[in-house]
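Input: a single structure, listed below in structure tokens.
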Amino acid sequence: MDPKEADLDDLVREELGDEPSQEAKDYARELYEKYRLPAPPPEGA
């Protein structure tokens, strides 16, 4: 599993206080993909 996926799943669990449904996980992933910030440019670029 991608570390980012694990981190997002942990955030969803923390927010909901319990194991989220698959629907909640899918929705969180959709929002994450839609609104995530672009990666910062490499140092010295």
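The values are calculated or read from the model by the stated rules, or taken from the named source; none is laboratory data. Keep in mind that this is a model prediction, so the values were computed, not measured. Neighbour counts are summed over all protein chains in view; Cβ atoms, including those assigned to glycine, are modelled from backbone coordinates with ideal geometry.
How many residues are surrounded by 10 or more Cβ atoms within 10 Å (Cβ to Cβ) and either assigned to a helix (DSSP H, G or I) or at pLDDT 85 or above (or both) if we restrict to region 7-25?
Residues flagged as surrounded by 10 or more Cβ atoms within 10 Å (Cβ to Cβ) and either assigned to a helix (DSSP H, G or I) or at pLDDT 85 or above (or both) within region 7-25 amount to 11.
Within region 26-45, can you find the residues that are part of a loop (DSSP other than H, G, I, E, B) and either at pLDDT 90 or above or hydrophobic (A, V, I, L, M, F, W, C) (or both)? Can you show your working first?
At the first step, the residues of region 26-45 found to be part of a loop (DSSP other than H, G, I, E, B) are 36-45.
Listed by number, the residues that qualify are 37, 39, 45.
Which one of the conditions (1) in a helix (DSSP H, G or I); (2) modelled with pLDDT of 75 or more does residue 4 fail to meet, given that it meets all the rest?
Checking residue 4 against (1) in a helix (DSSP H, G or I); (2) modelled with pLDDT of 75 or more, the one that fails is (2).
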